[in-house]
Amino acid sequence: MRSRQTGFTLIELIMVIVILGVLSAVAIPKYLDLKSDANLAAVQGVAGSLGAAAAVNFATRTANGTKGVAVADCQDVAKALQTYTSGAYTTALPSQGGTYTIGAAVVTNGSPASCTLTFTPSAGSAVTATFIGLGIT
């Protein structure tokens, strides 16, 4: 009688390796692009926080002139942002993963202005987002 062998043939194993190679060739570029997407999301999140901080600061200072901070240019908005660093609250931009820079632009009293925030990551290219700064003295 003839014995029957079990298992995979060589051609089946080669086809599986080829399919895995094609899948990895497609997936790796998408995975590498996730880092730039994450950097963009990070700068947009901080820009949103700055815009919200500017609005809350404007409302607070309008209601009570001794509260909040004066905002005369876009860089002053960061003083209204509260950041938790090393177990304490500070008024500074986040510093993890890279450097955030706010473009200098004058914000007139009682008027909104479009401000630019740039995030330069430790590795990779810089990304930019905008937020609205509200001027108040």
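The values are calculated or read from the model by the stated rules, or taken from the named source; none is laboratory data. Predicted model, so just to flag it, every value in this text is computed and none were measured. Reconstructed Cβ throughout: ideal geometry from the backbone, glycine too, with neighbour counts over all protein chains shown. Only protein heavy atoms, including side chains, enter the accessible area calculation; ligands, DNA and RNA are left aside. Shrake-Rupley method; radii C 1.70, N 1.55, O 1.52, S 1.80 Å.
Looking at 44, 82, just one residue is modelled with pLDDT of 95 or more and polar (S, T, N, Q), and that residue is 44.
If you take the residues in the range 89-137 that are among the aliphatic types (A, V, I, L, M) and part of a loop (DSSP other than H, G, I, E, B), which one is surrounded by the fewest Cβ atoms within 10 Å (Cβ to Cβ)? It comes out as 123. Among residues of the range 55-79 that are among the aromatic types (Phe, Trp, Tyr), those with a Cβ under 8 angstrom from a residue that is open to solvent by less than 90 Å² (accessible area, probe 1.4 Å), sequence gap 6+ or separate chain, pair up as 58/68; 58/71; 58/134; 58/136. Kindly establish whether residue 75 is open to solvent by 70 Å² or more (accessible area, probe 1.4 Å), closer than 20 Å to residue 116 by Cβ and not aromatic (Phe, Trp, Tyr). So residue 75 fits the description; yes. Condition (residue is in contact with a helix residue (DSSP H, G or I) (Cβ under 9 Å, 6 or more places away or on another chain) and over 19 Å from residue 90 (Cβ atoms)) applied to the range 33-54: is it met by at least one residue? Checked the range 33-54: at least one residue is in contact with a helix residue (DSSP H, G or I) (Cβ under 9 Å, 6 or more places away or on another chain) and over 19 Å from residue 90 (Cβ atoms). Taken together, the criteria exclude residue 60 from residues that are among the polar types (S, T, N, Q), part of a loop (DSSP other than H, G, I, E, B) and either modelled with pLDDT of 90 or more or open to solvent by 50 Å² or more (accessible area, probe 1.4 Å) (or both). Here residue 69 passes the criteria (1) within 28 Å of residue 136 (Cβ to Cβ); (2) β-branched (Val, Ile, Thr); (3) open to solvent by less than 90 Å² (accessible area, probe 1.4 Å); (4) in a helix (DSSP H, G or I) except the one numbered (4).
So in the range 21-35, with the set limited to residues that are open to solvent by less than 80 Å² (accessible area, probe 1.4 Å) and modelled with pLDDT of 85 or more, which one is farthest from residue 123 (Cα to Cα)? Restricting to residues being open to solvent by less than 80 Å² (accessible area, probe 1.4 Å) and modelled with pLDDT of 85 or more, the top hit is 21.
In the range 21-51, the qualifying residues are those that are hydroxyl-bearing (Ser, Thr, Tyr) and touching a residue at least 24 places away in the same chain (Cβ under 8 Å), and the one that is nearest to residue 128 (Cα to Cα) is 36. Within 19 Å of the chain's Cα centre (by Cα) and at positive phi: is that true of residue 87 in this structure? No: the conditions fail for residue 87.
Regarding residue 3, is this residue open to solvent by 70 Å² or more (accessible area, probe 1.4 Å) and small (Gly, Ala, Ser)? Criteria met by residue 3.
Filtered by the rule that a residue be among the β-branched types (Val, Ile, Thr) and in contact with a Ser or Thr (Cβ under 8 Å, 6 or more places away or on another chain), the range 107-137 gives 116, 118, 120, 127, 128, 130, 132, 136.
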